[in-house]
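Throughout, read-outs are computed from the coordinates displayed, never taken from laboratory work. What you see is a predicted model, and the numbers here were worked out from it, not measured in a lab. All Cβ positions, glycine included, derive from the backbone under ideal geometry; neighbour counts span all protein chains shown.
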Amino acid sequence: MKKSKKLISLLMVAFLFVGSQLVNAQPKSTEPNPDNCKRCINGITDLTDVQKQKIEDLTLAHTKSMTGFKNQMNEKNAHLKTLQSADKADMTAINKTIDEISAIKGDMMKTCAANKQSIRALLTDKQKVVFDANASKGGCSGMGAGKGGDCSKSCNHRGGKSCCKNKKE
């Protein structure tokens, strides 16, 4: 009886451990989120209403363009999977599709960099320091999580722990 209770307890602990690891292994969302852009400016306490509105407008336009890029990436990745799973893979077509995916990623990065600079142009020197500090903590730089990225780390800000640290509700 004692052995079976120990065995059940051990199995429960093992199950909980494995279950927690599976939850941690889930991919991050790659959906563009306009609210995330606010995370890198949330530590800036002296934004004017005009600045807030302009940043919101920039964020909305940027999110729309990122959605278009994301859709293109999904199409190209699906096409690449189809090409790669063919009985006789056409390496020329595979390489061409990979080049197209790389071009889209490059366009995404350029768009993100331009958006970030557009936001910075609206800020005072003091505000830029806070914005850049939040960006350097990982909330506003890089390509994004998941396949193909979504620029969520760059302009839509992933909103990781370090980026949200200064969040004031």
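The set of residues in the range 46-93 being of a type in the set (Lys, Arg) and part of a helix (DSSP H, G or I) consists of LYS52, LYS54, LYS64, LYS70, LYS76, LYS81. Contact map, the range 102-115: residues that are more than 15 Å from ASN77 (Cα to Cα) and touching a residue at least 12 places away in the same chain (Cβ under 8 Å) paired with residues that are buried (at least 18 other Cβ atoms within 10 Å of the Cβ) and among the acidic types (Asp, Glu), Cβ distance under 9 Å, separation 6+ or inter-chain. Pairs shown: MET108/ASP150.
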